Structures are given as structure tokens and as C-alpha cells.
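> What follows is a structure written as C-alpha cells; I'll ask about it next.
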Amino acid sequence: MSDHIPSLADLRHDIDVLDDQILDLLRRRAETVQRIAEAKSREPAAVAGQPDGFLRTGREAQILRRLASRARGGLPAAALTRIWRELISALYLYQAPVKVAVHAPNKSAARWDLARDFYGSTTPMQLCTTASAVLRALAEPATLGIMALPEDGEKECWWPLLASRSAETPRIVARLPFVPNPRGRFAELGAYVIASAQPEESGDDVTLLVLQMSEASPSLARLSSLLAQVGLAGQPVAQYRRGEDGARVLLELPGFITAEDARIAALAAVDPAQILDAVVIGAYAVPLPAETE
């Protein structure tokens, strides 16, 4: 007796059954997220230091990394993780009315789509042509800002405004795209995500540090030497100069480093005549590598 070969109708029925099972699991996941939100309201200490307690950037990065590692059977990691980003973003609403303000000084359509790709189709978004407009938007609860990556000589330099130790100062908490898509249009376009929250460690992270330098044009070789003296390494991202009043340098340092790390305080003490201040302004989970074509 030959094996039964399913008809097209049989296979379509199987798809319908699988879709129903997936939907049932999604409902269970949503119910669990709702219980987490209720638990957070009962245990405020669990989200201490997080004004926007819904935001778990480290945990979300761990979820996406795990899922991407399981991508197989013709389903690209970029597609799989986008499905989960839609799910995660939609379920934010159980915890807070999340909104996104997108900094788009240029390439506004591309930056908008970069934000939409990560924060989902149902999250309210607004377009801001200036960085100051995004920072004003962050005064509203549960608002995230998508900031264009810094460049030397840019007209409006936003990142020095984060170089404050005030608890109310926004912090960089993520970098986009987290899952680069070689088939998409925006593989070369990046952004930082800022929020009124502290970054969360994911296990593979980069820390953002701003140095206030006395020199208007500090030597990058000298910077590397000063960092090495306290056991740090970093890559300069951008510099901001105002006349002859010195410069601020934005660096990315490998690892998750907090403001309380002794190396940060030691850095300013290595050469106080040159390094006037050192402030950690955030951290982000290292994005996944781009898939090959």
C-alpha cells in the first residue's frame, strides 16, 4: 500500500490548524505579559531606577539573539525577529502607552522606516526635524527617541546634552538596526535610541562615554593612551567643539560599564589638566551580524 500523498486542500487545512495553534500561543503570551505588568505594579522595587519601567532593552536583545540562533528552514533571521518585534511592541501597551519620536534631519522616510521596523506597526510615531524636538518629546512618559547617529561638524549636536549626571537626563539604551537586513534599504543607516531610563545589560554590549577635554583638537592617540592607563579601550565616534573652549569627545567602549565603575573616575584623575570630565551617557546591546545574501 502506497503512502498517502496529501492533496492541496489537505495541506491548506494543515496551515489553518497551525495558524490557530499559533494564535492560541500568542494569546497565552499576551496574558503572561499582562501578568508581568501586574507584578511590576505590585513590586515597584523590581523596576527601581527605570522611570519607564516597561523598557527591558537587555532582555529584548537576549530574546532576539536566541530566536535568530534558531532561524532555519528557509525563514531568515531578519523576518523571524521582525515578527517578534511586532509582538513585543504591540504588548508594550499592557504596561505603558508607548510613543516614538523620530529624529530625521534628512532621509526622513528611511529613518521613519528604520524606527517602524523595530517598534512595530501599531506604535504611535512622530517625525521631528530637530534633535531638540525629540528631547522635548521625551518629557512625555513612555516616549522613546530615535536619534540620527552623530557626525563631526553636524549642524545640531545632540549627544553633549546627555553628558549630565542628573537622574532626569535621557540615556542611550539601544542601537538600530538590531538585526540588519541585507535585502532592505537601510542596512547602512543607523540610529541610537534614547529614553528616560537606564540601559540594561544584555551580555554583549557597548557603552557610550563623553569626555570633556581642555584641548579643542585632542589627539586620538593620546586619548587611547589615557584610556589604556585605566584599563579601558574605546573608539571615537564624534567630536564637538565650540570655539576655543575645548572639545567633547563621544566614545564607544566595549562592554557594559556603569557610571559607578571605578575606571571612569580614575580616567579623569589620570590627566586632570586634559580630561575635565567623563560621563557615561548610555549603552546598547551589540546588534546581530548581517545575514549574507
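> Fully extended, how many nm does the chain gain between Ser224 and Asp19 (0.36 nm per residue separation, minus their Cα-Cα distance)?
68.4 nm
> Can I ask one more? Over the chain, what is the mean sequence separation of C-alpha contacts under 8 Å (at least six apart), divided by residue count, expressed as relative contact order in percent?
18 percent
> Roughly how far apart, in whole Å, are the Cα centres of region 137-213 and region 9-27?
40 Å
> So what's the angle, to the nearest 10 degrees on a 0 to 90 scale, between helix 108-119 and the longest Cα principal axis of the chain?
With rounding to tens, the tilt is 60 degrees.
> For Ala133 and Leu189, FRET efficiency with R0 = 25 Å and r from the beta-carbon atoms, rounded to 0.05? Write out the running numbers ahead of the final one.
Details: r = 20 Å, r/R0 = 0.79.
The formula returns an efficiency of 0.80 here.
> Which whole-number percent gives the relative contact order of region 205-285, counting Cα pairs below 8 Å spaced six or more residues apart?
It rounds to 48 percent for region 205-285.
> Can you give the FRET efficiency for Lys107 and Ala290, using 1/(1 + (r/R0)^6), R0 = 22 Å, r = Cβ-Cβ distance, to the nearest 0.05?
Between Lys107 and Ala290 the formula returns 0.70.
> Please give the length that would be gained between Glu215 and Ala266 if that part of the chain were fully extended, namely 0.36 nm times their separation in residues minus their C-alpha to C-alpha distance (nm, one decimal).
The Glu215-Ala266 span can extend by a further 16.4 nm.
> Nearest 10 degrees, 0 to 90: what angle lies between the long axis of helix 220-229 and the longest principal axis of the chain (Cα atoms)?
That works out to roughly 80 degrees.
> Please work out the FRET efficiency for the pair Ser69 and Leu11, using the Cβ-Cβ distance as r and a Förster radius of 35 Å; give the result to the nearest 0.05.
After rounding, the FRET efficiency stands at 0.75.
> Could you work out how far helix 77-91 tilts from the main Cα principal axis of the chain, as a 0 to 90 degree angle to the nearest 10?
90 degrees
> Hey, another quick one. Using mean Cβ contacts within 10 Å as the protection proxy, how do 111-121, 10-20 order, highest first?
Result, highest mean first: 111-121, 10-20.
Every read-out reported here was derived from the displayed coordinates using simple, explicitly stated rules and does not represent laboratory data. All values reported here derive from a predicted model rather than from experimental measurement. Positions of Cβ are backbone-derived with ideal geometry, glycine not excepted, and every protein chain shown enters the neighbour counts.
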